[in-house]
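*Asks:* Below you'll find the structure I mean.
The values are calculated or read from the model by the stated rules, or taken from the named source; none is laboratory data. Note that the structure is predicted; figures quoted are calculated from it, not measured. Every residue, glycine among them, receives a Cβ derived from its backbone with ideal geometry; neighbour counts consider all protein chains shown.
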Amino acid sequence: MGNEEKRIFGVSWTVFMLGIVSFLNDMSSEMIIPIMPSYLTEVLDAGKLLSGSVMGAIESMSSLFKVAFGYVSDRFRKRKVFVFTGYALSTLAKGALAFTRYWWDFLIMRTLDRVGKGIRTAPRDALIAESSEKGKTGRSFGFHRMMDTLGAVAGPLVAIGLIELLKGLPAERAYRYIFLLSAVPGIISLLVIALFVRDRGGEVKKKIKGISTLKDRNLQLFLTVVAIGALGRYSYAFTMWKAQELGYSIVQSIAFYALFNLVYALSAYPIGTYSDGFGKKRMITLGFGVAALAALAFAYARDLYTLLLAFAVYGVYIAIEDTVPRAYMADLAREYEKGTVIGAYHTVFGVFVFPASVIAGFLWQSYSLTSAFTFSALMNVVAMVLMAFVREG
């Protein structure tokens, strides 16, 4: 499937337009993501453990819905309606952050945003897989992650510009204006989906009798490794807190975060494309090793150059982890259950991301940020070793 569509930059029209949608939506998200840690601790006055737990809960929340909506989109053979609904809910929730007053209503709005992500992610990834040339899923997912992350580069830069523009205002009011303005790119992305994204789910053959891919032992082992690796996936907020711990301002911290996203954006497409030939299992294994190096760099960063290195290596790690496992799962899944199988990956990953940030928050509060990052490095080393027992396909 996907061969009939015209190709742009080596990917189908559908994948290209979904890349535009992700660019706009991630610009919207990343306008507010870099200021949320400070907003949570300084404006809403949440403590370290609570802040870490709230950010972890937000990271995890969407994943509880991904397998369910992936399954529903498989059953109804419709993808676009779930993609549109998910993005619409997220756009509404991001704008509504401007009116939060306490950590719990902040959590409610962020939860609604993540629910929106949970609704759209598996159907969207299944649509990408269905619109990809056979054997080129890595290229398609790499392009999509590149576009998504270019939005994540633009978002913090827009945030820096807005902070400078609004610096005469009290910080709390400036934050609220930025939350409100973040809804604008989200609204444009909804128009792109409605007008230009083609639904491919109706072309998927109905389910035939047979054993589900999810019952495959190799896939179950891989999902176990994913769970262990997820325990080492601290929230991005910890990298921001690390920069601030070293004495850098909120604007400087956002600049570091923009560097991370730039490295991520430049890495995702070539990594995804290369994984098609190199082997997705080997690339995922390498990713766990890069993750451990990034965590150790953050743990022991004491100067600007080590911190810059940490953010850059972190960008390569996330580029691998957010690109290749999706393509790997899409390759393993039968045609009629791609939404379910990809959703299962997202759900397992997300369920274990929450305790990861709770543990990191506890270690930060009880010991230090160094301890939190060291724990992450350990979990990723364990996952890297266990990948030796996973077959390529």
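*Asks:* Does the stretch 250-263 contain any residue that is at pLDDT below 85, hydrophobic (A, V, I, L, M, F, W, C) and under 30 Å from residue 328 (Cβ atoms)?
*Replies:* yes
*Asks:* Tally the residues that are among the charged types (D, E, K, R) and under 20 Å from residue 326 (Cβ atoms), restricting the search to the stretch 90-123.
*Replies:* 3
*Asks:* Still on this model: If residue 146 meets every condition in (1) over 15 Å from the mean Cα position of the chain (by Cα); (2) under 30 Å from residue 332 (Cβ atoms); (3) buried (at least 19 other Cβ atoms within 10 Å of the Cβ) apart from one, which number is that one?
*Replies:* Looking at each condition in turn, residue 146 falls short on (1).
*Asks:* Among 110, 124, 139, which is part of a helix (DSSP H, G or I), in contact with a strand residue (DSSP E or B) (Cβ under 8 Å, 6 or more places away or on another chain) and of a type outside the set (Ser, Thr, Tyr)?
*Replies:* 139
*Asks:* Could you please let me know if residue 133 is closer than 30 Å to residue 337 by Cβ and surrounded by fewer than 24 Cβ atoms within 10 Å (Cβ to Cβ)?
*Replies:* yes
*Asks:* Could we say that residue 313 is in contact with a helix residue (DSSP H, G or I) (Cβ under 8 Å, 6 or more places away or on another chain), in a helix (DSSP H, G or I) and closer than 23 Å to residue 83 by Cα here?
*Replies:* Considered against the rule, which asks whether it is in contact with a helix residue (DSSP H, G or I) (Cβ under 8 Å, 6 or more places away or on another chain), in a helix (DSSP H, G or I) and closer than 23 Å to residue 83 by Cα, residue 313 comes out as no.
Yes or no, residue by residue, for (1) modelled with pLDDT of 75 or more; (2) closer than 23 Å to residue 343 by Cβ; (3) among the hydrophobic types (A, V, I, L, M, F, W, C):
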{"site": "22", "(1), (2), (3)": "yes, yes, no"}
{"site": "27", "(1), (2), (3)": "yes, no, yes"}
{"site": "37", "(1), (2), (3)": "no, no, no"}
{"site": "47", "(1), (2), (3)": "no, no, no"}
{"site": "58", "(1), (2), (3)": "no, yes, yes"}
{"site": "65", "(1), (2), (3)": "no, yes, yes"}
{"site": "75", "(1), (2), (3)": "yes, yes, no"}
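*Asks:* Name the pairs whose Cβ atoms lie under 9 Å apart, with the first residue in the stretch 82-103 and among the aromatic types (Phe, Trp, Tyr), the second assigned to a loop (DSSP other than H, G, I, E, B) and at pLDDT below 95, and 6 or more positions between them or separate chains?
*Replies:* Listed pairs, sorted by first residue: 84/197; 102/44; 103/44; 103/45; 103/46.
*Asks:* All but one of (1) without any contact (Cβ under 8 Å) to a residue 40 or more places away in the chain; (2) under 27 Å from residue 135 (Cβ atoms) hold for residue 252; which doesn't?
*Replies:* Of the numbered conditions (1) without any contact (Cβ under 8 Å) to a residue 40 or more places away in the chain; (2) under 27 Å from residue 135 (Cβ atoms), the odd one out for residue 252 is (2).
*Asks:* One residue is enough: does the stretch 295-311 have a residue meeting the conditions at pLDDT 85 or above, of a type outside the set (Phe, Trp, Tyr), over 17 Å from the mean Cα position of the chain (by Cα) and closer than 30 Å to residue 75 by Cα?
*Replies:* no
*Asks:* OK, next. Looking at residue 274 and the list (1) within 18 Å of the chain's Cα centre (by Cα); (2) over 16 Å from residue 39 (Cβ atoms), which single condition is not satisfied?
*Replies:* Checking residue 274 against (1) within 18 Å of the chain's Cα centre (by Cα); (2) over 16 Å from residue 39 (Cβ atoms), the one that fails is (1).
*Asks:* For the stretch 247-255, indicate whether the set of residues that are under 18 Å from the mean Cα position of the chain (by Cα) and part of a helix (DSSP H, G or I) is non-empty.
*Replies:* Looking through the stretch 247-255, at least one residue is under 18 Å from the mean Cα position of the chain (by Cα) and part of a helix (DSSP H, G or I).
*Asks:* Still on this structure: Name the single residue that is surrounded by the most Cβ atoms within 10 Å (Cβ to Cβ) among those in the stretch 233-265 being of a type in the set (S, T, N, Q) and in contact with a Ser or Thr (Cβ under 6 Å, 6 or more places away or on another chain).
*Replies:* 261
*Asks:* Could you list all residues from the stretch 331-343 that are assigned to a helix (DSSP H, G or I), buried (at least 24 other Cβ atoms within 10 Å of the Cβ) and either at pLDDT below 80 or touching a Phe, Trp or Tyr at 6+ places or on another chain (Cβ under 9 Å) (or both)?
*Replies:* Hits for the stretch 331-343 are 338, 339, 340, 343.
*Asks:* Continuing with this model, one more query. Step by step: first the residues of the stretch 355-376, then only those that are within 19 Å of the chain's Cα centre (by Cα) and surrounded by fewer than 22 Cβ atoms within 10 Å (Cβ to Cβ), then the one that is farthest from residue 221 (Cα to Cα). Which residue is that?
*Replies:* My answer is 358.
*Asks:* Out of the residues in the stretch 72-94 that are charged (D, E, K, R) and assigned to a helix (DSSP H, G or I), which is surrounded by the fewest Cβ atoms within 10 Å (Cβ to Cβ)?
*Replies:* Within the stretch 72-94, the match that is surrounded by the fewest Cβ atoms within 10 Å (Cβ to Cβ) is 75.
*Asks:* Here's a follow-up. I need the full set of residues from the stretch 274-291 which are surrounded by fewer than 24 Cβ atoms within 10 Å (Cβ to Cβ) and either over 18 Å from residue 140 (Cβ atoms) or in contact (Cβ under 8 Å) with a residue 40 or more places away in the chain (or both), in order please.
*Replies:* Those that are surrounded by fewer than 24 Cβ atoms within 10 Å (Cβ to Cβ) and either over 18 Å from residue 140 (Cβ atoms) or in contact (Cβ under 8 Å) with a residue 40 or more places away in the chain (or both): 274, 276, 279, 281, 282, 283, 285, 286, 289, 290.
*Asks:* Mind checking which pairs have a first residue in the stretch 171-187 that is free of Cβ contacts under 8 Å to residues at least 12 places away in the same chain and a second that is among the hydrophobic types (A, V, I, L, M, F, W, C), Cβ under 9 Å, 6 or more apart or different chains?
*Replies:* Hits for this filter: 173/166.
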